[in-house]
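Notes for the one structure printed next.
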Number of protein chains: 4
Amino acid sequence: MNTSIRFAVVGGDLRQAKLAEMLAADGHSVSVFALDRADINSSVTQAANIHDAISGADCVVLPLPALSSADIINTPLSDVVLHLDDVLSLCSSEQLICGGRLEHPRICDYFVREELAVLNAAATAEGAIQLAMEAVPITMLGSKILVIGFGRIGKILSHRLRSLGADVTVSARKYADMSWIQVYGYHPVRTDSLLGNLRSYDMIFNTVPAKVLAREHLEGVAPSCLLMDLASKPGGMDFSAASQLGLKAIWALSLPGEVAPLTSGAFIRDTIYNILQERESSL
Amino acid sequence: MNTSIRFAVVGGDLRQAKLAEMLAADGHSVSVFALDRADINSSVTQAANIHDAISGADCVVLPLPALSSADIINTPLSDVVLHLDDVLSLCSSEQLICGGRLEHPRICDYFVREELAVLNAAATAEGAIQLAMEAVPITMLGSKILVIGFGRIGKILSHRLRSLGADVTVSARKYADMSWIQVYGYHPVRTDSLLGNLRSYDMIFNTVPAKVLAREHLEGVAPSCLLMDLASKPGGMDFSAASQLGLKAIWALSLPGEVAPLTSGAFIRDTIYNILQERESSL
Amino acid sequence: MNTSIRFAVVGGDLRQAKLAEMLAADGHSVSVFALDRADINSSVTQAANIHDAISGADCVVLPLPALSSADIINTPLSDVVLHLDDVLSLCSSEQLICGGRLEHPRICDYFVREELAVLNAAATAEGAIQLAMEAVPITMLGSKILVIGFGRIGKILSHRLRSLGADVTVSARKYADMSWIQVYGYHPVRTDSLLGNLRSYDMIFNTVPAKVLAREHLEGVAPSCLLMDLASKPGGMDFSAASQLGLKAIWALSLPGEVAPLTSGAFIRDTIYNILQERESSL
Amino acid sequence: MNTSIRFAVVGGDLRQAKLAEMLAADGHSVSVFALDRADINSSVTQAANIHDAISGADCVVLPLPALSSADIINTPLSDVVLHLDDVLSLCSSEQLICGGRLEHPRICDYFVREELAVLNAAATAEGAIQLAMEAVPITMLGSKILVIGFGRIGKILSHRLRSLGADVTVSARKYADMSWIQVYGYHPVRTDSLLGNLRSYDMIFNTVPAKVLAREHLEGVAPSCLLMDLASKPGGMDFSAASQLGLKAIWALSLPGEVAPLTSGAFIRDTIYNILQERESSL
């Protein structure tokens, strides 16, 4: 972005607050609203109301997720209640409106963009490693770890774990993924052959949003094994069975915003820049 | 493959010879034909003629590429001339016939399988590094290297170059690939912004099968820069311009079979096992 | 260790408890004392008193550190008070007595052994990464990190940070270390040139036990930078200046036992095995 | 080096030629002699005779190795015969004289400097990988490789081989080295336990200058295994036994200058700068 743009950042958590500051640091003019409890520096204008925030903006940025329920904008750092429809009614047709996890004809959902998904997967992988380090009495170095699934998170997580010195096995269903797993230096196994072969792992990370770790799988896991589910709802692990079996199981959701809000804000910024760039090129 | 299978390996180069030996080492019964000049160990049966080789086989394996021209089977290690049609006429409908780079209703083309393509990309990346090491008077350590394209070869090549200590920049067109490039620790650049920004590289590897390095690009390259094109025909580099400009340019094709015939044979074996496994499951 | 050995594990924290279990798992006969509050499995004999624990043992293992003060053995998991002299008076001259961080003519100090120091450095590096991940709102991926010193911890920490995707600079004093730093792919800088060049780092890890980060250095650090001192006392950072400047500074000591007691126990076990092996070879 | 220095580069191979050009590129005034057959660019002055080359120089750089025999300077790129004594008699006491592999009270031997040895080890490791890639029909990816010795070359070679996807075992004698090997993710074995355990390796690299691979070791090696000796004379492998056993064995000496003369020249330059810096600081 070479030219200065006027942004309105409305609602959201620490990521949006950081996003506002970073947009301003890049030379853009930024006003925020409904981020009252965030400590935002003075390069950003605190708008007195939603009307002031939005009027004059080239681009209105709603949070990730954009809505907390029905049509209420997600404003965890403010007591203000903002209805999506009311906000949209303040916007003109020239204004670009971006929001996360929100299908709406008027709004560009930045969360569905692949480049953000990849970056978020990297932050998720790192957050998972942090949580695992906190949870286990062993080092990653020398641990025997299984990663189930070789999608975005599986790819990056395996890469990071191996480079921390773990002995990494990755399960996948497709033969091509088995080749990739081999090429990157992990041990490949078929996801459908996991049953009965889980005893030796110190940690198991699931990334597949399907019940790959059922009760019969968990019964074969070592008592000291850490189980971490990184798959979005409905998850891939029978948590109630894990609990009955006395296994340590963590369902880690929304890691990027939690463990690295600043980096996550930067990821959103970059994605919004890409959206603006594409719009410009297509004009 | 738990059960013993009867294979006929017909024609081909060193890869097929190694393939035959490896199949036999796995406990299968293997006969070969038209591999006369290969030094194959005694675990493999040398068939007296094509009829003997094929009759009784469960699976007939043709080489990669299967044909050298029109309908003649590729037999660089033999003076025998085998017409594809003649060979096929010897096969019964129960026999599985596999061959590489050959579209034919009766033949399963193992070369189009993604898992083989990935493994071959890994061998190609390694071969490219070997050729580059031979060609330059500098170490990979500390070199400034550009990899154009982030497909299969680009992904593995960047990974290997970085781990040899090179400073790796990767160009791609899609924003999502830019994210992956960043996440793996390389410098991302847009392929459409390369023009005028090539001066600082010690080596440039192209993996994109489209003219990404035209004369005007090459005019901006340092005189000592090594150019290597890994893209299949028509390639991605103006070789005639490179030559006129006095640049060192290498078009490296078919690396896997050349630099690592044994490993390449193993890759073909694994792929054929996968094909057999799938057939079995689908019965 | 092929032959079964009788061990007495006396006092200590979770590491010694795990050590006792692992020795027993290796087929040795193990009795423990003064580990009352540890949950030790039944493969290990709980001795009724120190005399029972020690009598009949081939090797007596005291904790790390062996003493909590003067001549009192370190027993954080028990209310028993054990004087070193009393324990030693129970030991015969044939028994091998090992202890950590304890100079005594009768006791083999396993902590001074280089192989344990290296393994502990690896656990320290991992622990430091865990603490840093918890403390910062950014990912390691893409962070600009300075590691001061290229001794054991510096070497492993740089290696791990780089493989997590950080941009790693390492400072050292010796030219040879500068070469190593370059060869492993980090940016080398001279430790004596740090002053005035610290502004750009997101995190600074010190591993040098000498005042390398004085007030004037800290004044040049970015406000959001995380400072972590991994050097043993007296440390290498002016913590009071850091606090006055409002910088986030962590002095992380004794990480291995804290973040990875099980692995640390295994490290002690391996070292004791080495000691026994050497004794045997020298007989 | 902030100030411009006058260098005389006398004799040597391509490395010295490149060194001369790089010194000139850094802004220094450089004259060369006895490099007739090198193609050196015009930023460097070709001296008419040794007297012209040396007179006025602040620093005289002799090659690596400095002498080809007795007291004759090593001049492979020239027919000039230069006696060391004659050259020295032309030098004043203020001039710094540097040379490689030459013990002489008047000459600073840059080859003994640890920082150059480390950099050369990195170039050696890379050269060894290049030679191995050329010699074997398999990829490094997936190869089972043994590196004997964990000194400078062993450290870097293991690091590079592992990152190319090989399964790396490293042998050492000291327990501390075994810890380092484990910490970096290779399999540690004791050098004195190699006998009888070599069958499974695809490649064996020796870095230890002592007979570690005697006939009885080689008898246990797989017929297809590549043996490479990187140890300086007398080497560490029984080459005559290897030859009698029909094993492929390579003794790779002086790799840096051969496979990467340009980088090697840069390493010498950096080392000479360090020498000058130290002299300046010590004044």
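For the reader, a short list of remarks on this structure follows.
- Within the option set B:Ala20, B:Ala24, being of a type in the set (A, V, I, L, M, F, W, C), buried (at least 23 other Cβ atoms within 10 Å of the Cβ), in a helix (DSSP H, G or I) and out of contact with any helix residue (DSSP H, G or I) (no Cβ under 7 Å at 6 or more places or on another chain) holds for one residue only, B:Ala20.
- Residue in region B:117-136 that is away from chain D (no Cβ under 14 Å) and not hydroxyl-bearing (Ser, Thr, Tyr) present: yes
- Residue tally, condition surrounded by 16 or more Cβ atoms within 10 Å (Cβ to Cβ) and either at positive phi or in contact with a helix residue (DSSP H, G or I) (Cβ under 8 Å, 6 or more places away or on another chain) (or both), over region A:36-54: 6
- Of all residues in region B:169-187 being within 16 Å of C:Leu141 (Cα to Cα) and of a type in the set (Val, Ile, Thr), the one that is nearest to the other protein chains (Cβ to nearest Cβ): B:Val183
- Taken over region A:109-134, the criterion of being without any contact (Cβ under 8 Å) to a residue 60 or more places away in the chain and not small (Gly, Ala, Ser) is satisfied by A:Asp109, A:Phe111, A:Val112, A:Glu114, A:Val118, A:Ile129, A:Met133, A:Glu134.
- If the condition is being without any contact (Cβ under 8 Å) to a residue 40 or more places away in the chain, touching a helix residue (DSSP H, G or I) at 6+ places or on another chain (Cβ under 6 Å) and among the hydroxyl-bearing types (Ser, Thr, Tyr), then region D:172-207 contributes D:Tyr175, D:Ser179, D:Tyr186.
- Test result for A:Ile138, more than 15 Å from A:Pro256 (Cα to Cα) and either of a type in the set (Lys, Arg) or assigned to a loop (DSSP other than H, G, I, E, B) (or both): yes
- Count of residues meeting criterion [under 18 Å from the mean Cα position of the chain (by Cα) and free of Cβ contacts under 8 Å to residues at least 24 places away in the same chain] in region A:81-108: 1
Here's the yes/no breakdown for (1) modelled with pLDDT under 95; (2) over 27 Å from C:Tyr273 (Cα atoms); (3) small (Gly, Ala, Ser):
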| residue | (1), (2), (3) |
| --- | --- |
| D:Asp167 | no, no, no |
| D:Gln182 | no, no, no |
| D:Val189 | no, no, no |
| D:Gly196 | yes, no, yes |
| D:Phe205 | no, yes, no |
| D:Leu218 | no, yes, no |
| D:Leu230 | no, yes, no |
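- Within region B:34-47, the set of residues being in contact with a Ser or Thr (Cβ under 8 Å, 6 or more places away or on another chain) and either more than 12 Å from B:Lys18 (Cα to Cα) or acidic (Asp, Glu) (or both) comprises B:Ala34, B:Asp36, B:Arg37, B:Thr45, B:Gln46, B:Ala47.
- Of the set (1) touching a Leu at 6+ places or on another chain (Cβ under 6 Å); (2) surrounded by fewer than 22 Cβ atoms within 10 Å (Cβ to Cβ), all apply to D:Ile153 but (2).
- Residues being part of a loop (DSSP other than H, G, I, E, B) and touching a Cys at 6+ places or on another chain (Cβ under 9 Å) - total across region D:67-108: 2
- In region B:1-40, the qualifying residues are those that are more than 13 Å from every other protein chain (Cβ to nearest Cβ) and charged (D, E, K, R), and the one that is farthest from the chain's Cα centre (by Cα) is B:Arg6.
- Residue-level analysis places A:Ala122 among those that are surrounded by 19 or more Cβ atoms within 10 Å (Cβ to Cβ) and not β-branched (Val, Ile, Thr).
- Looking only at residues of region B:142-168 that are at positive phi and within 13 Å of chain D (Cβ to nearest Cβ), we find that the one that is nearest to the chain's Cα centre (by Cα) is B:Gly165.
- All helices (runs of 4 or more DSSP H) inside region B:167-278 with 2 or more residues being touching a Pro at 6+ places or on another chain (Cβ under 9 Å) and buried (at least 22 other Cβ atoms within 10 Å of the Cβ): B:175-183
The values are calculated or read from the model by the stated rules, or taken from the named source; none is laboratory data. Just so you know, these numbers come straight off a predicted model, no measurement behind them. Cβ: placed from backbone, ideal geometry, glycine included. Neighbour counts: every protein chain shown.
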